Amino acid sequence: MDRYLVIGRLQNSAVKLILEEGYSVKEVSQELDVHANSLYRWVQEVEEYGENAFPGNGTALADAQHKIKLLEKENRYLQEELELLKKFRVFLKRSK
């Protein structure tokens, strides 16, 4: 079985014990031999990302975030280019 799949299942199970079953982080930490800080982070990720909190080896979410950053950068560039073209058009109208 894929290592990342096992880790994802552990994370989901641990968070479920805390959020749905009402166990404390300390209890789950001791039972699963996982540091409490990791559990707090996992709970925070599930609350923030929901089902997409643990996407396997992490590349799917990282790739999507990287693509979003690139698209935002391209969008800013195109907006600046549009503003420049608008100013140039006004300049051409004045020079006629």
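The values are calculated or read from the model by the stated rules, or taken from the named source; none is laboratory data. The structure displayed is predicted, hence computed values, not measured ones. Glycine gets a Cβ as well: all are built from the backbone with ideal geometry, and neighbour counts include every protein chain shown.
Annotations
- Selection from the range 15-47 of residues that are of a type outside the set (A, V, I, L, M, F, W, C) and not in a helix (DSSP H, G or I): GLU20, GLU21, GLY22, TYR23, SER24, ASP33, HIS35
- If the condition is being hydroxyl-bearing (Ser, Thr, Tyr) and free of Cβ contacts under 8 Å to residues at least 12 places away in the same chain, then the range 19-45 contributes TYR23, SER24, SER29, SER38.
- When restricted to residues that are modelled with pLDDT under 90 and not aromatic (Phe, Trp, Tyr), the range 70-91 contains 0.
- Residues in the range 35-45 that are more than 11 Å from ALA14 (Cα to Cα) and under 16 Å from the mean Cα position of the chain (by Cα): ARG41, GLN44, GLU45.
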